[in-house]
Amino acid sequence: MNFTLNQLRIFVKVVEHQSITRAADQLYLTQPAVSIQLKNFQDQFDIPLTEVINKRLYITDFGHEIAKAAKSILEEANSITYKRAIYQGKLSGKIKISVVSTGKYVIPYLITDFLKENPEIDLELDVSNRDQVIRQLENNEVDYALMTRVPETISLNTIELMENKLVLVGGKSSADEFNRNKETYFSKYPLIYREKGSATRKAMQEYVQQQGYHALKNLTLTSNEAVKQAVISGMGCSIVPLIGIRNELQNGQLEILKAPDLPLRSNWYLVHLKEKKHAPTAKALQAYLLENRNLILSKHFDWVKDFAF
């Protein structure tokens, strides 16, 4: 056996998500890089860890057993690192944050400098839809969550960050056609939604119903990037977070379609369970954000606040 800690981390993520693509996203790696490391790890075993049936990845019983052992090994390795850092008087440990999918446009700017200042802190970041984030909060699986529509069914402390704006967008040269005749536009171009459980999907459904828009058909895609690319290609139109389409607006790939009561407005919040007993690392992150959030938001997101519709 000659496996590496990196191979163990990758395999654990693949098992958690039963998807190489999803694991790659979570680890900020390319899909081929994950596939290569997974193959190298598998080559050390005579028994298969995974199997692919009808193009879907499954974890074998043996794979689940190896994943359990891998988690234990990683926890012990992390413990050694943390204890060394603590002995040296440094902040050390793990912070777990769950982020709704559109939050991936926000969270890096909030935490990058903090992590640079505290290199012994490990971040476990899970990007998912709103329903999954809520489940992780309810199960006390994370230190913090970043979201817009805060659930009223859980007792949470919230830190308000900034306004979130949702806009209706179409592909290049869509605005003129949309303005001439909305009914004709919707009979020609489908409405593209995020998957069930997405806060953006819920907001879009409520808006479309209130306005009485009826598209010839509706499409459902499972990521913001997939929605953006579909709209850019001319497949249809969608309501998306302004914060995630800056480059596409600047280069003319997307156009904002002006319609009544838009943009839809909410707020970004960092939330945690009221009774959560945070470790020093998580407490330090919260203190950092409270002290620096205005500077961070001004530096990176003033364009959202000042965007002219």
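Below are the figures for this structure:
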| quantity | calculated |
| --- | --- |
| Cross-link pairs LYS165/LYS276; LYS104/LYS165; LYS182/LYS217; LYS188/LYS217; LYS94/LYS116 - those with Cα-Cα distance over 18 Å | LYS165/LYS276 |
| Too-long pairs where the Cα-Cα distance tops 31 Å, listed order kept, from LYS228/LYS274; LYS277/LYS305; LYS13/LYS202; LYS196/LYS283 | LYS228/LYS274; LYS277/LYS305; LYS196/LYS283 |
| Of GLY244, ALA282, ILE296, farthest towards positive along the dipole that unit charges on Lys, Arg, Asp, Glu beta carbons give segment 234-309 | ALA282 |
| Percent of beta bridges antiparallel (DSSP, the chain, rounded to nearest 5) | 60 |
| Dipole moment magnitude, nearest 20 debye, segment 164-265 about Cα centre, only Lys, Arg, Asp, Glu C-beta charged | 160 |
| Most mobile of GLY212, GLY197, GLY171 in a GNM of the chain (Cα contacts under 10 Å) | GLY212 |
| For segment 85-164, size of Cβ-based charge dipole, Lys and Arg +1, Asp and Glu -1, in debye | 120 |
| Exposure proxy order (Cβ contacts within 10 Å, fewest to most) of PHE178, PHE3, PHE309, PHE45 | PHE309, PHE45, PHE3, PHE178 |
| Karplus (6.51, -1.76, 1.60) ³J(HN,Hα), θ = phi - 60°, over segment 129-142, in Hz, Gly and Pro reported as x | 7, 4, 4, 5, 4, 4, 4, 5, 5, 4, 8, 6, 8, 9 |
| Candidate values [x] 6, 28, 35, 20, 6, 3, 1, 0, 0; [y] 5, 23, 29, 25, 14, 4, 0; [z] 7, 30, 39, 21, 3, 0, label of the one derived for P(r) over Cα pairs in 10 Å bins from 0, in percent | [y] |
| Among ILE121, TYR144, VAL133 - extreme Cα towards positive end, dipole of segment 92-155, charges at beta-carbon | VAL133 |
| By average C-beta atoms within 10 angstrom, highest first, the peptides 227-239, 150-162 | 227-239, 150-162 |
| Estimated FRET transfer efficiency (ALA259, GLN132; beta-carbon r; R0 25 Å; 0.05) | 0.25 |
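Computed from the coordinates by the stated procedures, all read-outs in this text should not be read as laboratory data. Computed from a predicted model, the values in this text were never measured in an experiment. Because the Cβ atoms are built from the backbone with ideal geometry, glycine has one as well, and the counts that use them run over all protein chains shown.
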